[in-house]
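The values are calculated or read from the model by the stated rules, or taken from the named source; none is laboratory data. Since the structure is predicted, the reported quantities are computational estimates derived from the model, not experimental observations. In this analysis, Cβ positions are derived from the backbone assuming ideal geometry, glycine residues included, and neighbour counts consider all displayed protein chains.
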Ligand SMILES: Nc1ncnc2c1ncn2[C@@H]1O[C@H](COP(=O)(O)OP(=O)(O)OP(=O)(O)O)[C@@H](O)[C@H]1O
Ligand SMILES: [Mg+2]
């Protein structure tokens, strides 16, 4: 089997934050990402799903090299990304690009669209200066925008158009992996579909690999080959998209899926409800992190279950299925 494009092994990132009590000097430990491993093959779309604050963006920042993890390793094309330095680090960074959550905030309002899309060429000194404008026009055309927009500023565009500009900037340096961090969450449903179609077309044309991050399982379903479900900094279930949707195993995945509205009113929905609120990532529950909300909780759940294979393409971290008791 060919080597995966991205391999993350046991990545952990905790943040030290000051206590909310202004008289206390105590620091709290936010468990943002806790021992996460995942593999993405070339040309695949991996959907990473979980509630707000479960650590999705932190993981994305680790993969792009924007933050260093406390421990764990990140391999891109088989190379240990966190050990690279100098030119090899710069070259590797070019292969991973990001499309951000907020199209309104991720584009510099003082730069024209031409300057924004051209910036990666200037920073990495790619193409001759005279060629760069032509390349910007080609990129605008690829994402379905007219070249006449080059001299306009971000505020003159709609949310969907801005996200197209963000995508043009992301593909400018021919990356292999694009991380779409809630890239369509801020858009209207019809515009969401257009941007998703654009991402799909670009994936086919340039053999791109996507890590598609979203809190919305229904969006992820349509674009992903494989899916990872995150809860409080950990992946609790992973598998190919069809298996996750047709036979979810983890009680958290079941609850997320049952929360998706059904398209037809006659489709009966049995909602699996989790009790209580999402615990704080500061001092989260010991063992399985869902043990404070899970309807099937057992005494063994006070110890952490491993993410274990239960079928060829499905892994779950839950004692209901794992033979670790
Ligand atoms: N720089 C930071 N300092 C302290 N805590 C942080 C920092 N960045 C993130 N966190 C905390 O880490 C946890 C995970 O945050 P993260 O942004 O990765 O979540 P997320 O899954 O992307 O959420 P959302 O869906 O809202 O974007 C949260 O509790 C967050 O408050
Ligand atoms: Mg986020």
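Being without any contact (Cβ under 8 Å) to a residue 60 or more places away in the chain, in contact with a strand residue (DSSP E or B) (Cβ under 9 Å, 6 or more places away or on another chain) and under 23 Å from residue 230 (Cβ atoms) holds for only one residue in 39, 45, and it is 39.
Residues in segment 192-219 that are over 12 Å from the mean Cα position of the chain (by Cα) and part of a loop (DSSP other than H, G, I, E, B): 207, 208.
Annotation: residue 53 fulfils all but one of (1) free of Cβ contacts under 8 Å to residues at least 40 places away in the same chain; (2) within 14 Å of ligand 2 (Cβ to nearest atom); (3) on the phi > 0 side of the Ramachandran plot; the unmet one is (1).
Please go through segment 220-235 and give me each residue that is outside any strand (DSSP E or B), out of contact with any strand residue (DSSP E or B) (no Cβ under 6 Å at 6 or more places or on another chain) and within 13 Å of ligand 1 (Cβ to nearest atom), ordered by number. Once the filter is applied, which keeps residues that are outside any strand (DSSP E or B), out of contact with any strand residue (DSSP E or B) (no Cβ under 6 Å at 6 or more places or on another chain) and within 13 Å of ligand 1 (Cβ to nearest atom), segment 220-235 yields only 232.
Could you tell me whether residue 153 is over 25 Å from the mean Cα position of the chain (by Cα) and touching a residue at least 40 places away in the same chain (Cβ under 8 Å)? Yes: the conditions hold for residue 153.
Within segment 104-137, the residues that satisfy the criterion of being assigned to a helix (DSSP H, G or I) and within 17 Å of residue 163 (Cα to Cα) are 113, 114, 115, 116, 117, 118, 119, 120, 136, 137. Counting only strands (runs of 3 or more DSSP E) that sit completely within segment 17-102, those holding 3 or more residues that are within 15 Å of ligand 1 (Cβ to nearest atom) and modelled with pLDDT under 95 correspond to 27-40.
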